[in-house]
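Notes for the one structure printed next.
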Amino acid sequence: MSGVLLTGASGFIGRHALDALLAQGQEVHAVARHAGSPREGVSWHELDLLQAGAAEELARAAGAERLLHLAWYATPGSFWSAPENERWIDASLRLLRAFGEAGGTRAVMAGTCAEYAWGDQLLSEHGTPLEPATLYGACKHATHVAATAIAAQLRISLAWARVFFLYGPGEAPGRLVSGVARGLLAGEEVPTTDGHQRRDLMYVRDVAAALVALLAGEATGALNIASGRAVPVREVVSLIAAEADGPGRVCFGALPARLEEPAVIAGDVQRLATEVGFRPTVALEQGIRETVVWTRAAMRAGELPGSGQEGG
């Protein structure tokens, strides 16, 4: 047994996780609907994990010791309520069971901050109630509950990574940073809310690095993958505008705030810092700058991503 089985390898996080694993010298079995470019150390598995028998076939073929499972339905906007979430519960659990039965011993699976009851306090793995308000959050939570039981049954060391809000180069259209950057770079006026709500944003490369560090460690159970800092959305938008030469084209307050939207969503990162030894390295200003630079180049080249599937 050796190597890492990485699902969602062509997705927003997965591409960066693949780079991080290869930088460690890992042998990676990378799973995606469409295989990426040939790379030393990567064995591509082109398949759809939602198909019957796909997970079992993959686990046997890979024979990997560790699993980093990122694949899920992730189309911006629609993923909150999409019925595809229900199918991914079954696919994820079948994969974990097949991985364990094939001899795998360590797994990290991607959850979400949407599993929590959102409020104004730091969301903590031990202190915050789990009361998902969306189908997406409910399906991730259900997967975690069942995966914990399967892992205990098969003696798999399992960590459940609750990922908060992320951004960066390669982000699909429809999210906050990508939407504002593209609108301003296209010379458009961009309407936003008043921007007083605060969110925990983490650069995608840091998210991937945190997941890879978690996979290499021994921490189990739920861990937040977050920066631990709640930033006003207005500040984020202003940074984008400054980099995209569009401060005068941001229309703060043109969109109404959603009544059900909490004022603050931020994660307690004590476990990530103390048990995994990970802290983000990319400051918000640097991350926004790199994202706008990438977006400008991609727009000029006509190479903007359109996929909302975390590859697999």
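The values are calculated or read from the model by the stated rules, or taken from the named source; none is laboratory data. This structure is a prediction, so every number in the text was calculated from the model and none was measured. Here Cβ is always computed from backbone atoms with ideal geometry, including for glycine, and neighbour counts include all displayed protein chains. Protein only, heavy atoms only, side chains kept; ligands, DNA and RNA dropped before computing areas. Shrake-Rupley method; radii C 1.70, N 1.55, O 1.52, S 1.80 Å.
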Inset, instruction - Inspect the stretch 134-141 for any residue being out of contact with any Gly (no Cβ under 8 Å at 6 or more places or on another chain), surrounded by fewer than 17 Cβ atoms within 10 Å (Cβ to Cβ) and of a type in the set (Gly, Ala, Ser) and give the result as yes or no. - result: no
Legend entry - Residues located in the stretch 42-62, provided they are loosely packed, with under 15 Cβ neighbours inside 10 Å and either farther than 26 Å from residue 138 by Cα or among the aromatic types (Phe, Trp, Tyr) (or both): 46, 57, 60, 61
Legend entry - Qualifying positions in the stretch 222-277 - farther than 25 Å from residue 188 by Cα and among the charged types (D, E, K, R): 229, 260, 261, 268, 271, 275
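Being touching a residue at least 40 places away in the same chain (Cβ under 8 Å), open to solvent by 20 Å² or more (accessible area, probe 1.4 Å), aromatic (Phe, Trp, Tyr) and out of contact with any strand residue (DSSP E or B) (no Cβ under 6 Å at 6 or more places or on another chain) is the requirement here; does residue 80 meet it?
Values: touching a residue at least 40 places away in the same chain (Cβ under 8 Å): yes; open to solvent by 20 Å² or more (accessible area, probe 1.4 Å): yes; aromatic (Phe, Trp, Tyr): yes; out of contact with any strand residue (DSSP E or B) (no Cβ under 6 Å at 6 or more places or on another chain): yes.
So residue 80 passes the test.
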Inset, instruction - Pick out, from the stretch 198-312, the helices (runs of 4 or more DSSP H) lying fully within it that include 2 or more residues that are of a type in the set (Ser, Thr, Tyr). - result: 284-301
Legend entry - residue 91, sole failed condition from (1) in contact with a Lys or Arg (Cβ under 9 Å, 6 or more places away or on another chain); (2) part of a helix (DSSP H, G or I); (3) farther than 20 Å from residue 213 by Cβ; (4) of a type in the set (A, V, I, L, M): (1)
Inset, instruction - Considering every residue within the stretch 64-73, establish whether at least one is assigned to a helix (DSSP H, G or I), touching a strand residue (DSSP E or B) at 6+ places or on another chain (Cβ under 9 Å), of a type in the set (Phe, Trp, Tyr) and more than 25 Å from residue 213 (Cβ to Cβ). - result: no
Legend entry - Single residue of 68, 21, 49 found to be within 19 Å of the chain's Cα centre (by Cα) and more than 18 Å from residue 96 (Cβ to Cβ): 21
Legend entry - Hey, residue 68 at pLDDT 95 or above and either out of contact with any Asp or Glu (no Cβ under 9 Å at 6 or more places or on another chain) or open to solvent by 50 Å² or more (accessible area, probe 1.4 Å) (or both) or not: yes
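Against the condition open to solvent by 20 Å² or more (accessible area, probe 1.4 Å), within 22 Å of residue 173 (Cα to Cα) and not polar (S, T, N, Q), how does residue 243 come out, does it pass? Working first, answer last.
Working: open to solvent by 20 Å² or more (accessible area, probe 1.4 Å): yes; within 22 Å of residue 173 (Cα to Cα): yes; not polar (S, T, N, Q): yes.
When the stated conditions are applied, residue 243 passes them.
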Legend entry - In the stretch 103-123, residue most open to solvent (accessible area, probe 1.4 Å) [restricted to those that are within 22 Å of residue 151 (Cα to Cα) and polar (S, T, N, Q)]: 105
Legend entry - Candidate set from the stretch 255-312 (those that are farther than 22 Å from residue 232 by Cα, under 17 Å from the mean Cα position of the chain (by Cα) and modelled with pLDDT of 95 or more); member that is most open to solvent (accessible area, probe 1.4 Å): 278
